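Taking it in order: structure first as structure tokens, then the write-up.
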Amino acid sequence: MDYRPEVIKALTELWSGSYKTFLKDSPDIYNRYRAGAFDDFLRMGIPDRKNEAYKYTNLEKSFGYRYEKYYSPVPADFKEAEKFHCEVEDLDVWNMVLLNGFFPHGEEGLVMLPGGIWVGSMKAAAKQFPALVEKHYNKYASNENDGLVPLNTALASDGLFLYAPRKTSYTKPIQIVNLLHSDKDIFAQDRNLVIVEEGAQLSLLVCDHALSPQHYLTNTVTEVFVGQNARFEIIRVQNQHNNSGKITHTFIHQERDSYASSNNITLHGGLVRNATWHSLEGENSETHSYGLFFADKQQHVANFVKVDHAAPNCNSTQLFKGVLDDNSSGAFNGRIMVHQNAQKTNAYQSNNNIILSDTARMDTKPQLEIYADDVKCSHGATVGQLDEDALFYLRSRGIDEHEAKLMLMFGFAHDVIKNISIEALRDRIDNLVLQRLRGELSRCASCAIQCN
Amino acid sequence: MNSEFLIQIKELKASIDNKEILKGVSLEVKPGEIHAIMGPNGSGKSTLANVLTGREIAKVTHGTVVFEGKDLLGMSPEERAREGIFLSFQYPIEIPGVSMVNFMKTAINEQRKHRGLEPLSASDFLRLMREKKELVEIDSALTNRSVNEGFSGGEKKKNEIFQMAMLEPRLALLDETDSGLDIDALRIVANGVNKIRRPDTSVIVITHYQRLLDYIVPDFVHVMYDGRIVRSAGPELALELEERGYDWIRKEADVSEETWTTDRK
Ligand SMILES: Nc1ncnc2c1ncn2[C@@H]1O[C@H](COP(=O)(O)OP(=O)(O)O)[C@@H](O)[C@H]1O
Ligand SMILES: [Mg+2]
């Protein structure tokens, strides 16, 4: 039976009451798109496997679940959040905690970091930078291909705003820790906007954790503007649990001579789908899409990537890897579109997967559409087991079979991690992956922030 | 238990995909002895090395191998290594993403654990690395990379000897460690082996060429052909092979095989 009519009915009810409840004080800049977006959502619905981009991903596990509430914070929640007395352990990053997609400090949260970078809530940004937000908000997200994006546009009430004005930079990465914590099963949506203006530089680390065992579903949309000659890097570390669903849509728009890199590291989650859209709109730009996941039990992890070469002389790479065990499944759908004017394009794609059990399953699908003639494009995909020769080599030096397998998996994974530009982060994520492989990864243990 | 042999291989037969490759190999090596195994390509030399180190490509169907009084064939590859068997691979494997340092640290500490010793401290480990690198004249930069990744053929072979130096085996099997080396690299590798060897370290050198045996002088030379050791003698046999090639061995062996088959009929 189709689970979706029920869910759509519930969401429609939520929508009709939304302006009285969680959207009560939402700024007009966001509200003006909502009604149209909700119509778009109703028209497109919750994607099913007939949608090419979801061919191998069944959302029912997460979307079919009846969540007790659509998350909107009440003052008591913020009090609850205050209890997360968090301590910064690692001074290599600047960090901020979001609870269920909201800033524990409510609306006032918009701060300027040394170097002139602004970070805070979308609500606060609409007040403080209305023209800027208006210029960028909902300009890069595509509401046309996937009903879940307009669902977010219609109903998300807040999220992260990050703004690096012209020529600013911040030496440390900015870390956002998304905590999910509730005594109820919740469906949450956050909407984020990152603006990196001309010549500015920014590294963002987003960590998704679930602190309580409830069922969660998060549908996240993040829009990123990377201006001329600007540089942006985003690293997402997802470490939730088997009852959590995490859907992300990240749209990266790049102007000329810019650089962007995205790295999605999925360590744990029940159902995870990361869609990353790279749009090269200005010539001489470079973009990289990386991903790494580990799945076991009944988990499903999907990565969807689309790189649009809309300008000449741009380079793009996609490197995605997965390790699957038990009954887990994974999907990779990597698209490269080279527009007619995008001459001298270099586009590269690679997807490699290791399957550790007989019952795990990986579907991988490259899609290339090339309309220019002077283009270098390559792609390749592998699904296989651990390399027996390499395993024997390690064992022949006295290394335990189990340990040797871990080393090989780590080596396999490190190939993705090594592309993180900041050494301290790279080391930390290497460690996380090692802990994950050893089965020692607990909920917050890995985080820069130690909560109690 | 106090057998005079370090390793005793008796009537060893092994098959790959039901095809018999080793057809009854016997070999006894005492502590400190150097044995060379020569023979044409495809005669089963690497298969013997694989069987001794526990690689499961070849299935043992017959025979025994006793190493320091223990049944070797019942051990896992890692146990054999910890007991002191080392193979310098004919084709060392590249392992991207696994650093040489981490690889060696893990290997050394597994071996120490096996011997009831504490893991080496970071500084002791680095000192050991440095010492052994000098011993085998391996480029320092190589050990900062992933295992064999992007190494040249010669660098890979040197790296095998470096690992041997780190692990100080009781029995080293060198499978065509000399092939693909120029004369300078050959000298470095061979001298490395000689420097690593303690008086009771035994070595089985698999090679096609006399030139390695000029440096690592064998006590015995065996010729392997079609899965059997068809001739054993002193170092002079290697010189003879160098001069005359393998054809005469082949002929003799085939003849005796025929005789043997005819006799049985
Ligand atoms: N992995 C393998 N699969 C099938 N046959 C093999 C394999 N390895 C070796 N052989 C066969 O076993 C025989 C002996 O090979 P090998 O031990 O490598 O000889 P050598 O080292 O003396 O050149 C050859 O006929 C070879 O084709
Ligand atoms: Mg061989």
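Are there any pairs, at least 6 apart or on different chains, whose C-beta atoms fall under 7 Å, with the first in the range B:143-158 and modelled with pLDDT of 95 or more and the second crowded, with 18+ Cβ neighbours inside 10 Å and of a type in the set (Lys, Arg), and if so, which?
B:Asn148/B:Lys156
Please identify the pairs in which a residue from the range B:2-26 that is within 16 Å of ligand 2 (Cβ to nearest atom) has its Cβ atom under 8 Å from the Cβ atom of a residue that is among the aliphatic types (A, V, I, L, M) and open to solvent by 20 Å² or more (accessible area, probe 1.4 Å), counting only partners at least 6 apart or on another chain.
B:Ala14/B:Ile21; B:Ala14/B:Val60; B:Ile16/B:Ile57; B:Val25/B:Ile229
Does B:Glu78 meet the test of being within 12 Å of chain A (Cβ to nearest Cβ) and open to solvent by 40 Å² or more (accessible area, probe 1.4 Å)?
On the way: within 12 Å of chain A (Cβ to nearest Cβ): yes; open to solvent by 40 Å² or more (accessible area, probe 1.4 Å): no.
So B:Glu78 does not fit the description; no.
Say we look at the range B:93-109 and pick out the residues that are open to solvent by 20 Å² or more (accessible area, probe 1.4 Å) and out of contact with any strand residue (DSSP E or B) (no Cβ under 8 Å at 6 or more places or on another chain); which of these is farthest from the other protein chains (Cβ to nearest Cβ)?
Once the filter is applied, the top-ranked residue is B:Val101.
Could you check B:Gly84 against (1) within 14 Å of another protein chain (Cβ to nearest Cβ); (2) touching a His at 6+ places or on another chain (Cβ under 9 Å) and say which number it fails?
(2)
Quick check on A:Ala35: is it surrounded by fewer than 16 Cβ atoms within 10 Å (Cβ to Cβ), touching a residue at least 12 places away in the same chain (Cβ under 8 Å) and of a type in the set (A, V, I, L, M)?
When the stated conditions are applied, A:Ala35 passes them.
Quick check on my filter: what residues within the range B:23-44 are farther than 15 Å from B:Lys10 by Cα and either more than 10 Å from ligand 1 (Cβ to nearest atom) or buried (at least 24 other Cβ atoms within 10 Å of the Cβ) (or both)?
If we filter the range B:23-44 for residues that are farther than 15 Å from B:Lys10 by Cα, which is where we start, we get B:31-44.
B:Pro31, B:Gly32, B:Glu33, B:Ile34, B:His35, B:Ala36, B:Ile37, B:Met38, B:Gly39, B:Ser43, B:Gly44 - these are the residues of the range B:23-44 that are farther than 15 Å from B:Lys10 by Cα and either more than 10 Å from ligand 1 (Cβ to nearest atom) or buried (at least 24 other Cβ atoms within 10 Å of the Cβ) (or both).
Of the residues that make up the range A:369-391, is at least one crowded, with 19+ Cβ neighbours inside 10 Å and either more than 30 Å from B:Met100 (Cβ to Cβ) or more than 19 Å from the chain's Cα centre (by Cα) (or both)? Full working, then the answer.
Narrowing the range A:369-391 to residues crowded, with 19+ Cβ neighbours inside 10 Å: A:390-391.
Applying the additional criterion that residues be either more than 30 Å from B:Met100 (Cβ to Cβ) or more than 19 Å from the chain's Cα centre (by Cα) (or both) yields A:390-391.
Among the residues of the range A:369-391, at least one is crowded, with 19+ Cβ neighbours inside 10 Å and either more than 30 Å from B:Met100 (Cβ to Cβ) or more than 19 Å from the chain's Cα centre (by Cα) (or both), which makes the answer yes.
If you go through the range B:52-82 one residue at a time, how many are more than 16 Å from ligand 1 (Cβ to nearest atom), of a type in the set (Gly, Ala, Ser), at negative phi and not in a helix (DSSP H, G or I)?
The qualifying residues number 1.
This table checks each residue for (1) within 14 Å of chain B (Cβ to nearest Cβ); (2) on the phi < 0 side of the Ramachandran plot.
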{"position": "A:Asp326", "(1), (2)": "no, no"}
{"position": "A:Val338", "(1), (2)": "no, yes"}
{"position": "A:Tyr348", "(1), (2)": "no, yes"}
{"position": "A:Asp363", "(1), (2)": "no, yes"}
{"position": "A:Cys377", "(1), (2)": "no, yes"}
{"position": "A:Val383", "(1), (2)": "no, yes"}
{"position": "A:Asp389", "(1), (2)": "yes, yes"}
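Which numbered condition in (1) within 15 Å of the chain's Cα centre (by Cα); (2) of a type in the set (S, T, N, Q); (3) over 30 Å from B:Gln111 (Cα atoms) is the only one that B:Ser179 fails?
(3)
Output the residues belonging to the range B:2-51 that are hydrophobic (A, V, I, L, M, F, W, C) and over 15 Å from the mean Cα position of the chain (by Cα).
Listed by number, the residues that qualify are B:Phe5, B:Leu12, B:Ala14, B:Ile16, B:Ile21, B:Leu22, B:Val25.
May I ask you to list pairs of residues, at least six apart or on different chains, whose Cβ atoms are under 7 Å apart, with the first in the range B:111-131 being within 15 Å of B:Gln163 (Cβ to Cβ) and the second being open to solvent by 50 Å² or more (accessible area, probe 1.4 Å) and part of a helix (DSSP H, G or I)?
Close Cβ pairs satisfying both conditions: B:Phe125/B:Lys105.
The values are calculated or read from the model by the stated rules, or taken from the named source; none is laboratory data. The model shown is predicted, which means the values in this text are computed figures rather than measured ones. Here Cβ is always computed from backbone atoms with ideal geometry, including for glycine, and neighbour counts include all displayed protein chains. Calculation scope for accessible area: heavy atoms of the full protein, side chains included, ligands and nucleic acids excluded. Shrake-Rupley method; radii C 1.70, N 1.55, O 1.52, S 1.80 Å.
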